[in-house]
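Working notes, beginning with the structure itself.
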Amino acid sequence: MNRRRAKRLLLLPIITLIVLQAAEATPSSTQAIEYWLTQHFVHSTLSKEQQQAELKWFHQAAAPYRDLTIHVVSEDIPTHRYESQVLARAFYDLTGIHVIHEVTKEDDVVRKLQVQMELALPIYDAYVNDTDFIGTHSRYPETLAISAMMQNEWQHISLPTLDLDDFIGLQFATGIDGQLYQLPTQQFANLYWYRHDWFSDPQLQQRFQAHYGYPLGVPQNWAAYQDIANFFTNIVKTIDGQRVWGHMDYGHFDPSLGWRISDSWLSLAGANDILPDNGQPYAEQQGVGDWGIRVEHCHPVGASVSRGGALDSPAAIYAVESYISWLNQYAPPEARDLTFSTSSAYLGRGNIAQQIFWYTAFLPDLLTDQLLDSDGNPKWRVAPSPRGKYWQKGMKSGYQDVSGWTFLRSTPKHRAAAAWLYAQFVVSKTVSMTKFLNGFTPIRQSDIHSRYLTANSDKWGGLLEFYQSKARHYWTPTGLSVANYAALSDAWWRHIGPAVQGKQTVTDSMKQLANTVEQRLLAISKTDDLRCAPTLREAKPESYWLSQPGAPWPQQQAPDKPATLPYQQALQLWQD
Amino acid sequence: MARLVPLILCLLLVTPASATIKLLVYDYPPLVQINRQAKPTGHAIDLVTPLFLQAGVQYQFVKLPLKRAIQQAAQHKNTCTFPVFRTQRREADFRWIGPISVNRFGLYSLAENNHQLVTLNDAKAHKIGVYAGSAVANYLTDNGFSTYETSSIAQGLQMLKHGRIEFWVADIQSIQQASSLVGEQQLTPSLSFYTSMSFMACNLSSDAQDLDALEAQLKTMYLTGQAQQLLHLSF
């Protein structure tokens, strides 16, 4: 052993000790850890010792960024309010990093993200952005691939107990290249919602059976949903002196109208292809994905039937015609002027019998006295959404909103690093279960299957049962077929709006929508720097594509035979 | 006499090719400041003026109150107004060019008060003053704050000086100017909490070529850093 090497070896334990001492939590941080663990993060799948170790790690890893103020932004749902108001403060107490977590309207988040991506203006240090953007983030060079960063620059500031395999939404945040671009921080689904107490009322059951010839229950298809909507709106009309309605939706002409249609209506109608096998690489897949866009070997090739897409297909037209007709016939008249946010608050009034799909992020709005029974449990339930006549087994069964921490290259590196620490904190096992109890948007398998949440599942009307089942894989966010979400999304509400207002037919609206989407895909391919760029196919007669296997599906004249199931049997469908 | 001052404050002819776009502006310091007999000034004016010149689009400034400006821009061809905050309800009514400002708002107090705020919620127990009708005022209302809305920045700052409010909401760009209004007492930033972007809202029937040219030119101005400089952006 040479002397220089021996000296180095002698010094090693001393250096290690110095490093360990420096890394030791300070008395004030120990107090802060104790305070947050005993007063706030009481429910966790980790033991208290494991939680302490996790929080100590944050304290130590954050040392180079102490006293930094960073800005992050997310949409306005209860989960993000909890992050902004409670978790940002906890993170400050534990790390000294001051996080300004702004909560604003979804369209404002998207606009700011778009501005930062296009103009390289570092407005925020991180965004909580829906994974509906995964087709964008993984095609454009502006977004950091988190999985690559974790193996390189962020390796030393990546939480050893982050446990990515525990996240239930990771596949939705994974791009066309297999890299992770967004770290899920909340998930909620669009599920069928109904008044279980009314559906269980023997008198109402009897009236329904007498009128329709089959039992009142969880509708399995749109035909049954429509019958139930008609039953409550036009036959029952009042319950306990209150006017009641058999259907709820919203139709105000603004961006949230677009989400309503693009999120679920088309997929529930059965406009798209059967979901591809998860194991198949994206580059090998072809078929019609979300928004009726046909993709071949990762390239979007068309949205209209004439190019093999399904946005103006018979199934898509049937979806939007059903949406408008039911909004007019069965929903409260004011629903036509409500939006994403205001319609959810409306449901809390307690005069709606069912909603074809309901955003479970608004669960806290429905834990009101009016909608809770004497035991404090909901009078309502969530169940699998009924499907339209084109729907087939293996197709997308509904929409799931997954939001993930997203980092852009234009953010200064040290600020992005500090934001990465905050992002990991708000999804860590120490806080994730408590966060669920404040927003009901689960992200971790360990929480979903925990004894504590399972024991309390009655309080959430079927939400936990959905997330404990395999069904959550078939409720998917907007997928990789949408090459640039921000550039395409406004086309939805701009074209659907005139049809809702009765100014033009649904067929015309959908033809125009498909045409606009294709024009924009063409423009994107010419002007933008992106991989797997759109390459529009040549147009062919629609009859060609409608006679090919798969979507776009040909016109189906025969209506569905209405079918319902008792609640427990309907839940079993999730398990199967 | 002042009432007779023409509404049209400035007319610049650049090229004879396209229609003149009426730019309806209202007092919204520091983005737009209306000076009765001269052309309007302010950070957004500093950006918009070279934007139109460089895009080769003719324009004229017209002073109007906010509500009328928005109404007229929605109704009349080749008319735009700024600064306007995009909301879901307004989105369908205009073609939007921007951002023509990005502002970060904070809670400011007199240095002697030494308030420590970590999250916006910490300020709920305090009296807050904010400029009436601003986007940040709406943001605070949406977040459950009850604020004192003032008709001018000077009024709010006087309330702060005399202890009638504990925090004044201002954006970073305007705070230096505001400090001078409270005299020798220093304003201290207690918490920056909201970022807003404003846009130019243009009539949907306006000449699309002109608006495309403006949009493209604005992008160039941002990518070269010129826009950030004119808007005094610190990020």
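The values are calculated or read from the model by the stated rules, or taken from the named source; none is laboratory data. Remember, it's a predicted structure, so these values are computed and weren't measured experimentally. Here the Cβ positions follow ideal geometry from the backbone for every residue, glycine too, while neighbour counts run over all protein chains shown.
Flag: A:Gln329 does not match the condition of being under 30 Å from A:Pro378 (Cβ atoms), within 22 Å of the chain's Cα centre (by Cα) and of a type outside the set (A, V, I, L, M).
Within the stretch A:391-415, work out how many residues are over 15 Å from the mean Cα position of the chain (by Cα) and of a type outside the set (D, E, K, R). Final tally of qualifying residues: 10. Would you check which residues across the stretch A:250-273 are in contact with a Ser or Thr (Cβ under 7 Å, 6 or more places away or on another chain) and acidic (Asp, Glu) and list them? Of everything in the stretch A:250-273, just one residue is in contact with a Ser or Thr (Cβ under 7 Å, 6 or more places away or on another chain) and acidic (Asp, Glu), namely A:Asp254. Taking the stretch A:122-149 as the range and being in contact with a helix residue (DSSP H, G or I) (Cβ under 6 Å, 6 or more places away or on another chain) and within 14 Å of another protein chain (Cβ to nearest Cβ) as the test, the residues that pass are A:Ile123, A:Asp125, A:Ala126, A:Tyr127, A:Glu142. Of the residues making up the stretch A:441-479, those that are among the basic types (Lys, Arg) and surrounded by fewer than 19 Cβ atoms within 10 Å (Cβ to Cβ) are A:Arg451, A:Lys459, A:Lys470. Taking the stretch B:120-130 as the range and being farther than 13 Å from B:Phe193 by Cβ and either of a type in the set (A, V, I, L, M) or touching a Pro at 6+ places or on another chain (Cβ under 9 Å) (or both) as the test, only B:Ala125 passes.
Within the stretch A:218-272, being in a strand (DSSP E or B) and among the small types (Gly, Ala, Ser) holds for no residue. Scanning the stretch A:86-104 for residues that are touching a residue at least 60 places away in the same chain (Cβ under 8 Å) and either more than 30 Å from A:Gln39 (Cα to Cα) or more than 9 Å from chain B (Cβ to nearest Cβ) (or both) turns up A:Leu87, A:Ala90, A:Phe91, A:Leu94, A:Thr95, A:Ile97. Can you find a residue that is of a type in the set (S, T, N, Q), surrounded by 17 or more Cβ atoms within 10 Å (Cβ to Cβ) and within 14 Å of chain B (Cβ to nearest Cβ) anywhere in the stretch A:253-270? Checked against the condition, which is being of a type in the set (S, T, N, Q), surrounded by 17 or more Cβ atoms within 10 Å (Cβ to Cβ) and within 14 Å of chain B (Cβ to nearest Cβ), the stretch A:253-270 yields at least one hit. Checked against (1) of a type in the set (S, T, N, Q); (2) touching a residue at least 40 places away in the same chain (Cβ under 8 Å); (3) in contact with a helix residue (DSSP H, G or I) (Cβ under 7 Å, 6 or more places away or on another chain); (4) farther than 26 Å from B:Leu218 by Cβ, B:Asn121 meets all criteria but (2).
Evaluating A:Pro566 against the criteria (1) in contact with a strand residue (DSSP E or B) (Cβ under 8 Å, 6 or more places away or on another chain); (2) modelled with pLDDT of 95 or more; (3) surrounded by 18 or more Cβ atoms within 10 Å (Cβ to Cβ) leaves one unmet condition, (3). Taken over the stretch A:71-81, the residue count meeting the criterion of being touching a Lys or Arg at 6+ places or on another chain (Cβ under 7 Å) and surrounded by 24 or more Cβ atoms within 10 Å (Cβ to Cβ) is 2. Residues that are over 25 Å from B:Thr150 (Cα atoms) and surrounded by 16 or more Cβ atoms within 10 Å (Cβ to Cβ) within the stretch B:40-59 comprise B:Asp46, B:Leu47, B:Val48, B:Thr49, B:Leu51, B:Phe52, B:Gln54, B:Ala55, B:Val57, B:Gln58, B:Tyr59, listed in sequence order.
Would you call B:Ala137 closer than 16 Å to A:Ile100 by Cβ, outside the structural domain of B:Arg68 (by TED's automatic domain parsing) and buried (at least 17 other Cβ atoms within 10 Å of the Cβ)? For B:Ala137, the condition - closer than 16 Å to A:Ile100 by Cβ, outside the structural domain of B:Arg68 (by TED's automatic domain parsing) and buried (at least 17 other Cβ atoms within 10 Å of the Cβ) - is not met.
Checking the conditions here, which among A:Leu268, A:Leu216 is of a type outside the set (Ser, Thr, Tyr) and either within 20 Å of A:His473 (Cα to Cα) or in the same structural domain as A:Arg111 (by TED's automatic domain parsing) (or both)? Testing whether each residue is of a type outside the set (Ser, Thr, Tyr) and either within 20 Å of A:His473 (Cα to Cα) or in the same structural domain as A:Arg111 (by TED's automatic domain parsing) (or both) leaves just A:Leu268. If you scan the stretch A:492-549, which residues turn out to be outside any helix (DSSP H, G or I), among the acidic types (Asp, Glu) and at pLDDT 95 or above? The answer is A:Glu538, and nothing else.
Filtering A:Gln116, A:Gln51, A:Gln85, A:Gln60 for residues that are in a helix (DSSP H, G or I) and touching a strand residue (DSSP E or B) at 6+ places or on another chain (Cβ under 6 Å) leaves a single hit, A:Gln116.
In the set (1) within 14 Å of chain A (Cβ to nearest Cβ); (2) exposed (fewer than 15 other Cβ atoms within 10 Å of the Cβ); (3) more than 26 Å from A:Ala88 (Cβ to Cβ); (4) not hydrophobic (A, V, I, L, M, F, W, C), the condition left unmet by B:Gln217 is number (2). Being basic (Lys, Arg), under 30 Å from the mean Cα position of the chain (by Cα) and over 21 Å from A:Met433 (Cα atoms) is a condition met by no residue of the stretch A:61-75.
In the stretch B:109-133, the qualifying residues are those that are away from every other protein chain (no Cβ under 14 Å) and either at pLDDT 90 or above or buried (at least 20 other Cβ atoms within 10 Å of the Cβ) (or both), and the one that is farthest from A:Arg89 (Cα to Cα) is B:Tyr131. Inclusion of A:Arg409 among residues that are modelled with pLDDT of 95 or more and closer than 21 Å to A:Leu453 by Cα is not warranted. Just so you know, in the stretch B:80-90 the residues that are surrounded by 19 or more Cβ atoms within 10 Å (Cβ to Cβ) and within 11 Å of chain A (Cβ to nearest Cβ) include one that is modelled with the lowest pLDDT, and it is B:Gln88.
Pairing residues of the stretch B:160-176 that are surrounded by 19 or more Cβ atoms within 10 Å (Cβ to Cβ) with residues that are among the β-branched types (Val, Ile, Thr), at Cβ distances under 7 Å and at least 6 apart in sequence or on separate chains, gives B:Leu160/B:Val182; B:Ile165/B:Ile128; B:Phe167/B:Ile128; B:Val169/B:Ile128; B:Val169/B:Val130; B:Val169/B:Val136. Per this entry, B:Gly106 is counted among residues that are touching a residue at least 24 places away in the same chain (Cβ under 8 Å), in contact with a Pro (Cβ under 6 Å, 6 or more places away or on another chain) and either more than 17 Å from B:Ser192 (Cβ to Cβ) or within 14 Å of chain A (Cβ to nearest Cβ) (or both). Would the stretch A:241-255 turn up any residue that is more than 22 Å from A:Lys379 (Cβ to Cβ) and free of Cβ contacts under 8 Å to residues at least 24 places away in the same chain? Within the stretch A:241-255 (the criterion being more than 22 Å from A:Lys379 (Cβ to Cβ) and free of Cβ contacts under 8 Å to residues at least 24 places away in the same chain), the answer is no, since none of the residues qualifies.
Selection of first residues in the stretch B:192-208 that are within 9 Å of another protein chain (Cβ to nearest Cβ) and of second residues that are part of a loop (DSSP other than H, G, I, E, B) and of a type in the set (Ser, Thr, Tyr), restricted to Cβ pairs under 8 Å at least 6 apart or on distinct chains, gives the following pairs, ordered by first then second residue: B:Thr195/A:Tyr124. Is it true that A:Thr30 is crowded, with 23+ Cβ neighbours inside 10 Å, at negative phi and either in contact with a Gly (Cβ under 7 Å, 6 or more places away or on another chain) or more than 14 Å from every other protein chain (Cβ to nearest Cβ) (or both)? Here the answer is no, as A:Thr30 does not meet what is asked.
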